1. Among the trypsin sites (Lys or Arg not before Pro) within the range 33-73, which fall in a DSSP loop and have no more than 13 other Cβ atoms within 10 Å of their own Cβ?
2. Given a Förster distance of 41 angstrom, what is the FRET efficiency for D150 paired with R529, based on the Cβ-Cβ distance and rounded to 0.05?
3. From the helices alone, meaning DSSP H stretches of at least four residues, give me the mean residue ellipticity at 222 nm for the chain, per-run term -39500 (n - 2.57), in deg cm²/dmol to the nearest 500.
4. When the Karplus curve 6.51 cos²θ - 1.76 cosθ + 1.60 is applied with θ = phi - 60°, which whole-Hz ³J(HN,Hα) does each residue of the range 273-288 get, with x for Gly and Pro?
5. Find the Rg to Rh ratio for the chain, where Rh is the Kirkwood radius over alpha-carbon pairs and Rg uses the same atoms.
6. Hand me the trypsin sites (Lys or Arg not before Pro) from the range 450-528 located in a DSSP loop with no more than 12 other Cβ atoms within 10 Å, in residue order please.
7. When you count, for each residue, the other Cβ atoms within 10 Å and take the mean per peptide, how do 530-542, 301-313 rank with the highest first?
8. Hey, for a label at L218 modelled as a point 7 Å past Cα toward Cβ, could you say which residues of the range 119-144 have their backbone N under 19 Å away?
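The values are calculated or read from the model by the stated rules, or taken from the named source; none is laboratory data. Not measured: the values here are computed from a predicted model. Using ideal geometry, Cβ is built from the backbone for each residue, glycine included, and neighbour counts are taken over all protein chains shown. Only protein heavy atoms, including side chains, enter the accessible area calculation; ligands, DNA and RNA are left aside. Shrake-Rupley method; radii C 1.70, N 1.55, O 1.52, S 1.80 Å.
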Amino acid sequence: LPSPIPCSLTQPVTPDLLVSPSSQDGDLGSECPEDRGNWTGRLDFLLSCIGYCVGLGNVWRFPYRAYTNGGGAFLVPYFIMLAICGIPIFFMELSLGQFSSLGPLAVWKISPLFKGVGMGTILIVSLVAIYYNMIIAYVLFYLFASLTSDLPWQHCGNWWNTDLCLDHHVIRAGNSTLPVNISNTVSPSEEYWSRYVLHIQGSSGIGDPGRIRWNLCLCLLLSWTIVYLCILKGVKSSGKVVYFTATFPYLILVMLLIRGVTLEGAWKGIQFYLTPQFDHLLSSKVWIEAALQIFYSLGVGFGGLLTFASYNTFHQNIYRDTFIVTLGNAITSILAGFAIFSVLGYMSQELGVPVNQVAKAGPGLAFVVYPQAMTMLPLSPFWSFLFFFMLLTLGLDSQFAFMETIVTAVTDEFPYYLRPKKASFSAAICIALFLMGLILTTEGGMYWLVLLDDYSAGFGLMVVVITTCLVVTRVYGMKRFCRDIHMMLGFKPGPYFRACWMVLSPATMMALLVYNIVKYQPSEYGSYRFPTWAEALGILMGVLSCLMIPMGMVVAVLQEEGTLWERVQQASRPAMDWGPSLEENRTGVYVASLAGSQSPKPLMVHMRKYGGITSYENTAIEVDREMEEEDEEESM
């Protein structure tokens, strides 16, 4: 047997015979995988998490959700759902990543039977990354369009405007003389967005994408280039960029907030946003909306949190970080609501219409309503540039996380081949996703973006999170998981976390999933209804990520020996090398020169199958005895 060359004093050494045949790592005896790396600064991890969680949804989804679901009263279910669903799942993801120092695919050494969950996560993140970067491309387009003395969406009379276009300056003049009927008119900003930026009139629907809009295509190329340059060296480079992208939006948000509340009519908008309507709390829809907002805003299930935590040192205080990030995210959402609705209040007063007629969510708010409000302010190009620069920085650090998740997941699976070539591999993924996103730059691209947005991270994501929660608590075991956290942080999670992980969080997400299926509504964009084949394609996107779970199970079972039930049992136990990545952090049941074995049974099967070394058998027996003693103590 050739003696293995040690990678380093801190890394566990695995003899050739103990490497499973499914391992694709080539000649383990002669070379070692390149070091994964860690965050280089103390605040890198915290700021990356804040940047990842605080994204576009905080600005364009939360304020609208709040005002449609009871105003100030919405904060009651929002914070309850944060406590039940948000904080516990957030902490669970960080714990899994930090304990194992593995990405969202390799972390399923915790229970190889469920590796399909990791594959589902990667599929969801890849689909989201494609369209999320298109939104960043729109933001770049508007950012460049703001570099002018007169905003292009300020007036009618351009080649893209129709006879229905009505300038708000005309409305203001009309208010002083004759009332103007604005019900059948369109604002210049709306026509600029749909007829100039999207050129949607060139497409009859999702099946007729039309031509590529080259200005949008170049913006998409630029956004992918920016993302690539920032993730070029993994967390070492993106960890530095977030010092700017995670903090600068707050500065701009405060500036927009101060400008907003000093406008005439601002309080009208804020009153509309925050007036509590407590009767709404009796509706199940409000609670579901609150849970959905928490779910998507914190980015649980996308693998980003797990990936970021995997680059932490073993004893990093993620318990503290969990509360900083989750509460910071909630406060940011509420602040953004003030900044948005103060401007909408001013706008409604200028136009002489109620606030609910100008309020919108999603791209309609960012690319139509808010830009129109900007044209009513003095120094409008300056405020417009600031607003879109804030959206750019909010979007970019979320996109860094999506890309880092994909790259880390795959490089952790093939460390010997891909870690030394991480920059080239990142480039290949960026190019592939850019090419897939080209359909979004066509005249009918918006229809495809809506389809991706509605289906890519819908019920599939919930199934992934529910499965993760159940596997960690039921299959791996709550006692084991709490012991791992104790080993890492020095204390066990309290009854609040255990109750949420065991019952409350999975039950809430099950309710969300059922609600989503029961209340299913076909996608639409404005008055356009999607054809049946597009609906089917969307549903297939969601189902495909769920199908990864049973597919992964079949593969895992086929790799084991014995009867079907024995194979399932063996595949559901943690892999031999599950545990902390560094030998110095392996204590208790993880102490072994082999990369630790949480359960020696699959190790013994492995040895019978491929032959083994007596010292390793002795280690396995010792680990077995230690676990039995521990079980006896717990039962007494």
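1. Numbers: sites: R36, R42, R61, R65; in loops: R36, R42, R61.
Answer in residue order: R42.
2. Numbers: r = 37 Å, r/R0 = 0.91.
The calculated FRET efficiency here is 0.65.
3. About -19000 deg cm²/dmol.
4. Calculated HN-Hα couplings, in order: 6, 10, 4, x, 10, 5, 4, 5, 5, 7, 8, 5, 4, 5, 5, 5 Hz.
5. 1.01
6. Working: sites: R474, K479, R480, R483, R498, K519; in loops: K519.
Answer by residue number: K519.
7. Details: 530-542: 15.7, 301-313: 26.5.
The densest-packed peptide leads the list: 301-313, 530-542.
8. Of the residues in the range 119-144, 134-144 have backbone N under 19 Å from the label point off L218.
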